[in-house]
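Remarks on the structure that follows.
The values are calculated or read from the model by the stated rules, or taken from the named source; none is laboratory data. Since the structure is predicted, the reported quantities are computational estimates derived from the model, not experimental observations. Cβ sites come from the backbone with ideal geometry, for glycine too, and all protein chains shown count toward neighbours. Surface areas here come from the heavy atoms of the whole protein model, side chains and all, with no ligands, DNA or RNA. Shrake-Rupley method; radii C 1.70, N 1.55, O 1.52, S 1.80 Å.
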Amino acid sequence: MSKYDFIAIEKKWQKAWDDKQVFHCAPSSDKRKHYVLEMLPYPSGQIHMGHVRNYSIGDLIARYKIKLGYNVLHPMGWDAFGLPAENAAIEKNVHPKEWTYSNIANMKSEMQRLGLSYDWTKEIATCDPNYYKQQQKIFLEFLKHDLIYRKESVVNWDPVDQTVLSNEQVEDGKGWRSGAHVVRKKLTQWFLKITDFAEDLLEELKSMDGWPEHVRAMQEKWIGKSFGAKVKFKVQDSNDVIEIFTTTPETLFGASFCALSFEHPIALKLAERNQEIKDFIEQCNTSSVAEESIETAEKLGIDTGLRVVNPLNKNQLVPVYIANFVLMNYGTGAIFGCPAHDVRDYEFAQKYNLPITQVVFSNQDANLPLKVEPNYIVKNSEFLSGLTAIEAKKAVIAHLEKNKDGEKFTQYRLRDWGVSRQRYWGCPIPIIHCDHCGVVPVLQKDLPVVLPDDVEISGKGNPLDHHPTWKHVACPKCGKPAIRETDTLDTFVDSSWYFLRYCSPQDENIFNKAAVDYWQPVDNYIGGIEHAVLHLLYSRFFTKALKKLGYVKFGEPFKSLLTQGMVTHMSYKDIEGKWIPVSDIYQEGQKCFSKETGKEVYPYRIEKMSKSKKNVVPPVPIMNEIGEDTARMFVLSDSPPEKNLEWNDSGIEGCSKFLNRLYNFISDFIDAKHAADVGISANTQKQKDFLKKIHSTIKNTTENLELTHFNKAIACIREFTNVMYAYEIQDQQDAKLMIEAIEVVLQLLNPIVPHITEELWNMLGHSEMLVYASWPEYNSKFIEDTVRRITVQINGKFKLVHEFPLHVSESEIKDIIMNLEIIKRSVADRFVKNIIFVQGKLINIVVV
Ligand code: ANZ
Ligand code: ZN
C-alpha cells in the first residue's frame, strides 16, 4: 500500500499557491519577462484531454521559466462568443449568456483542479462588455485609419431560416438546419483590409524561426502570391475592353477563349437583354460561395456571342464565355483560357469544342494539358518562339507594356477579411446608419454598445434586427431617428488581440502601454495545428495594424509557436459495426467485451478522441482515479508534444507507479533519519560516479526542456531515479549525496508534477515552497571525466588499460606507456616499428 495520498496533497498545495498568490504577476523593471500563452478555449462546458495536454505543456514552460528567474505572465480566458451558444438557446431554451457563463464556471473549476500556474486576476471573457468595449474602440480606430471599409459581398443565404450561413453550415447546397436550398445573396458588409499587409505578412514569415516550418508554409500558401500580368482584350465592334489576369502570359498565343465571372459587370449587362444568359447567371447564383466547391463543381459556361482580339495576335478573334469557375474577387474577374496548358481550361475546351493549341514544350513527349515550367521552350508563338517560358514571360510583359495592352501585376490569394455576421451572440458593431448622414460611428462616450439581453432566439433571422427597440437610436450627428448596425463581429476578431489585453485586462484604454511594452510579445504560444492559418494570420495582421497606428512597438505577436498533436484513443465496434463507448469496455486476455451486454467487441483503430467515435476519456473522472500529477506526467512524457498522444492504460499505470515509488522512497529515506551535516564532496569512485550522474541529469534535462523535448527530459529524470534507488548509503557522505540527489529530482520534476514534489520538498524540512526554488545548475567540473583511459595493444592484441590525468599530452602518454614494466617485458628485444594512437583512446604498438 502506498502512503501517497494524491487527493489530499493536490488540494493542499493548490490552496497554498492560491493563498500566497504565487502566480500573480506585474511588470517589474529589474526582472526579465517571459510570456507563456495557451490558445484561449471556447467555453463548451467541459475540458477534454486536448485541453489537459495543452495546459500541461504551457504550465511546464511557465513554471520552468519562473524557476529560471523570469517574471512570468501566464494568463487564461474565454473565447466566449459564437454560434454554439445560440444553438444551445434554440435547443435547450437557455439564454446564450447564461449558458456561456455557466460553462465558463464549470470549465474553470475543472481547470483549477490541474493546479495550473495561471494568474487568474488577468482572466478575460470576450463576451464581457468590458472586453468588447475596447474591441469596439479598435474597430473605430481602424475605421478612422481606413483599415475597415464596407462593400457588397455574397453570402450563403438560407431562405427558410432567413439567415446567413457559414460555408460549414451548407451541406450539399442545403442549409444544415432547415434543409432549404441555399442561395447566394448580396449583403453590404464590413471588411478589414488585411490585404494591405499581404507583403509584410509574407515577408516576415521568412525570419520567424521560432515557428514550425510547416505552419509557415501553410501561411505562405494561404497568402498565395502570384506574379503575372493584366492583359487587355478589345471587344470586336465596340469600345469595350475585357481585362484579364494571368500568371502565364507567355501562353497568350495558345489562347482559345476568354471567360468572365457570372458576376462580372459585362456579364450582368449582357443578361439584361439575353434571357439565356440571365438564366445561366441565375443558375450560378444558386451554387455555394465556398471556393472549394467551385473548384470541384462541373465546369459550365455560356457563349456570350462577344468576340475579342488577342493583343499579341491581332488576327485572332477569341470567343467570350461566362463560366462558373471564374471568381469575381480574384484578379480582374476575367481570364483567357489556354487549354493546352491548364487542366480547367482543357476540360472546358473539350466540353465546348474549343481549339487546343500547344505553345510550350518540355524536352520529353508529354500529354496535354502540360503545366508550364520556367525552363520549358515556347514555340508557335512568333517573337516568343525559341525562348524559355521564363524569358518569354518577361518579353511578353515588356511588349504588352510598350503597346499599352497590359502590365505586370502581382495578385495575392489573400482576400480582405469580411467580419460582419448576422448573429446575436457576438460583439456589436459600433455603427449607426442615418438616412441623412450615412454611416456614423458611435461616439466614444456611448461605448460600449451593449448586447440586449431580452432577445428572442429562434434560429430565424437575426435576433438583434428583430428586437423591438434596441436598434432605434438618435443619430449622433444630426439627432434624427436612425438605426443601429445589427450585425456583430466575426468571433475571430475577438481572438485576434486578446493576448494584448491580458497585459492590462481592466485598463480604461484599449491597453496600458507600459504593460504591453513590458510583456509583449508572447514568448511561447501553444495550441492546435487547426489554427495554423486563420487565427494565427489574423492575430499577426492585428498586431501589424496596431503597430502602424502606434499602439504597439512590435510587428509579430508570437515569438515561438508550439503546435501540439492530438490526443487519441482506441475506438471499439461491436459485431454489427456500432460504436461502443470506451467506458463500457473491459478486457479479458486478448479479447474485449461490453460491460453492458457481455458481448465481445472489437478494437477498431486508434484515432482522435471524439464524441461520434465514443472514444472520449473525460479528464475529471480520470483525475479522481489517478490524480492530477499522474495525468500531467503522462500527457507530457508519452510522446513529443508535436506528435499525437495515445491515451492508454499501461502508460498511465507506469506514471502512477513511478510517482508512488518516488513518494515511498523519499518518505522512507526521511524516516530513516540519515543525518548528514557535511559538505558535498565525493571521495570514492562510487560517490564520484553518483555526483557525476546527478549533474549530467541536470544538464540533459535542461537541454531537453530548452528544445521542448519534454518526453526526453522526463526520460532523463526517470533514468536517474533508478540510479538513485540503487545507491547504497554507507557513510555520511553517501547520505549527503543522496539528499542532493533527491532534491535535484524534486526540483527537476516540479514543473511537471508540481503537487507531489511540493509535498516531498516540504517533508524534507524546507520552509519555503518549492515553486520558488530556482532551477538547479549543473557543475561541469563534476561531469567532465577526470581521467583518460587508454587501452594498450601490442600488434593489435590487448595488453592493458591505463589511466592518465586529463592534461597529459599524447607524447607524454607514449613515453609513460613505453616505460611501464609490463610493456617493457612484452616488447623485450623486439624492434618497435611504430606506435599508433587511435582516436585518443587506444595505442597500438607495432613490433617486429
Ligand atoms: C492563362 C493561363 C494559362 C493560366 C495557363 C494558367 C495556366 P494562381 O496561380 O492561383 O494565381 N485566373 C485568373 N483570374 C481568375 C479568376 N478570377 N478566377 C479563376 N481563375 C482565374 O492562378 C492564376 C491563373 O488562374 C491565371 O493564369 C488564370 O489562368 C486563372 F496555361 O491565365 B491563367
Ligand atoms: Zn444623421
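Key figures for this structure:
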item: First in the range 625-643 and assigned by TED's automatic domain parsing to the domain that holds residue 528, second anywhere and small (Gly, Ala, Ser) and part of a helix (DSSP H, G or I), Cβ under 7 Å, 6 or more apart; result: none
item: Considering residues of the range 472-509 that are over 26 Å from the mean Cα position of the chain (by Cα) and more than 16 Å from ligand 2 (Cβ to nearest atom) only, the residue nearest to residue 135 (Cα to Cα); result: 509
item: Test: residue in the range 640-652 that is part of a helix (DSSP H, G or I), hydroxyl-bearing (Ser, Thr, Tyr), out of contact with any Lys or Arg (no Cβ under 7 Å at 6 or more places or on another chain) and at pLDDT 95 or above; result: no
item: Unmet requirement for residue 730, which otherwise passes all of (1) touching a Phe, Trp or Tyr at 6+ places or on another chain (Cβ under 6 Å); (2) surrounded by fewer than 20 Cβ atoms within 10 Å (Cβ to Cβ); result: (1)
item: Residues within the range 629-665 that are open to solvent by less than 10 Å² (accessible area, probe 1.4 Å) and either at positive phi or not β-branched (Val, Ile, Thr) (or both), tallied; result: 12
item: The range 419-430 - residue that is farther than 13 Å from residue 139 by Cα and open to solvent by less than 30 Å² (accessible area, probe 1.4 Å) and, of those, nearest to ligand 2 (Cβ to nearest atom); result: 422
item: Residues within the range 529-562 that are surrounded by 20 or more Cβ atoms within 10 Å (Cβ to Cβ) and either at pLDDT below 95 or among the β-branched types (Val, Ile, Thr) (or both), tallied; result: 3
item: Condition met for residue 282 (among the acidic types (Asp, Glu) and within 13 Å of ligand 1 (Cβ to nearest atom)); result: no
item: Every pair of residues 6+ apart whose Cβ atoms lie under 7 Å, when the first sits in the range 435-451 and is farther than 14 Å from residue 479 by Cα and more than 16 Å from ligand 1 (Cβ to nearest atom) while the second is polar (S, T, N, Q) and open to solvent by less than 70 Å² (accessible area, probe 1.4 Å); result: 447/136; 448/136; 449/136
item: Filtered residues of the range 692-708 (kept if surrounded by fewer than 18 Cβ atoms within 10 Å (Cβ to Cβ) and under 28 Å from the mean Cα position of the chain (by Cα)); result: 703, 706, 707
item: So residue 118, is it farther than 29 Å from residue 516 by Cβ, outside the structural domain of residue 166 (by TED's automatic domain parsing), of a type outside the set (Val, Ile, Thr) and in a loop (DSSP other than H, G, I, E, B); result: no
item: Count of the range 805-814 residues which are free of Cβ contacts under 8 Å to residues at least 24 places away in the same chain and surrounded by 11 or more Cβ atoms within 10 Å (Cβ to Cβ); result: 2
item: Answer from 372, 359 - the residue that is farther than 29 Å from residue 222 by Cα, of a type in the set (A, V, I, L, M, F, W, C) and in contact (Cβ under 8 Å) with a residue 24 or more places away in the chain; result: 359
item: Selection count where residues are at pLDDT below 95 and either under 15 Å from residue 125 (Cα atoms) or exposed (fewer than 13 other Cβ atoms within 10 Å of the Cβ) (or both), scope the range 28-39; result: 3
item: Odd one out for residue 146, checked against (1) surrounded by 15 or more Cβ atoms within 10 Å (Cβ to Cβ); (2) in a loop (DSSP other than H, G, I, E, B); result: (1)
item: Cβ pairs under 7 Å, 6+ apart, first in the range 213-238 and touching a residue at least 24 places away in the same chain (Cβ under 8 Å), second open to solvent by 100 Å² or more (accessible area, probe 1.4 Å); result: 229/408
item: Selection count, the range 369-379, where residues are assigned to a loop (DSSP other than H, G, I, E, B), of a type outside the set (Ser, Thr, Tyr) and surrounded by 14 or more Cβ atoms within 10 Å (Cβ to Cβ); result: 4
item: For residue 205: the one exception among (1) closer than 30 Å to residue 391 by Cβ; (2) open to solvent by less than 60 Å² (accessible area, probe 1.4 Å); (3) touching a helix residue (DSSP H, G or I) at 6+ places or on another chain (Cβ under 7 Å); (4) within 14 Å of ligand 1 (Cβ to nearest atom); result: (4)
item: Residue that is least open to solvent (accessible area, probe 1.4 Å), among those in the range 588-621 that are under 22 Å from residue 631 (Cα atoms) and without any contact (Cβ under 8 Å) to a residue 12 or more places away in the chain; result: 610
item: Residues (of a type outside the set (D, E, K, R) and within 16 Å of ligand 1 (Cβ to nearest atom)) located in the range 400-434; result: 400, 406, 409, 410, 411, 412, 414
item: Lone qualifier among 235, 309, 231, 289 - being modelled with pLDDT under 95 and surrounded by 14 or more Cβ atoms within 10 Å (Cβ to Cβ); result: 289
item: Checklist (1) within 30 Å of residue 372 (Cβ to Cβ); (2) open to solvent by less than 30 Å² (accessible area, probe 1.4 Å); (3) not polar (S, T, N, Q) applied to residue 214, failing item; result: (2)
item: The range 703-731 residues that are closer than 22 Å to residue 673 by Cβ and of a type outside the set (Gly, Ala, Ser), paired with ones that are open to solvent by 80 Å² or more (accessible area, probe 1.4 Å) and at pLDDT 95 or above (beta carbon under 9 Å, 6 or more apart); result: 721/661; 725/661
item: Some residue of the range 796-819 being of a type in the set (Lys, Arg) and in contact with a His (Cβ under 9 Å, 6 or more places away or on another chain); result: no
item: Of residues in the range 77-115 being assigned to a loop (DSSP other than H, G, I, E, B) and of a type in the set (A, V, I, L, M), the one surrounded by the most Cβ atoms within 10 Å (Cβ to Cβ); result: 80
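Each row is one residue, and each column tells you yes or no for (1) under 19 Å from residue 88 (Cα atoms); (2) more than 16 Å from ligand 2 (Cβ to nearest atom); (3) loosely packed, with under 12 Cβ neighbours inside 10 Å.
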{"site": "432", "(1), (2), (3)": "no, no, no"}
{"site": "440", "(1), (2), (3)": "no, no, no"}
{"site": "444", "(1), (2), (3)": "no, yes, yes"}
{"site": "448", "(1), (2), (3)": "no, yes, no"}
{"site": "451", "(1), (2), (3)": "yes, yes, no"}
{"site": "455", "(1), (2), (3)": "yes, yes, no"}
{"site": "459", "(1), (2), (3)": "yes, yes, no"}
{"site": "463", "(1), (2), (3)": "yes, yes, no"}
{"site": "470", "(1), (2), (3)": "no, yes, no"}
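Every residue, every condition in (1) open to solvent by 60 Å² or more (accessible area, probe 1.4 Å); (2) small (Gly, Ala, Ser), yes or no:
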{"site": "745", "(1), (2)": "no, no"}
{"site": "758", "(1), (2)": "no, no"}
{"site": "773", "(1), (2)": "no, yes"}
{"site": "778", "(1), (2)": "yes, no"}
{"site": "784", "(1), (2)": "yes, no"}
{"site": "790", "(1), (2)": "no, no"}
{"site": "797", "(1), (2)": "yes, no"}
{"site": "800", "(1), (2)": "no, no"}
{"site": "803", "(1), (2)": "yes, no"}
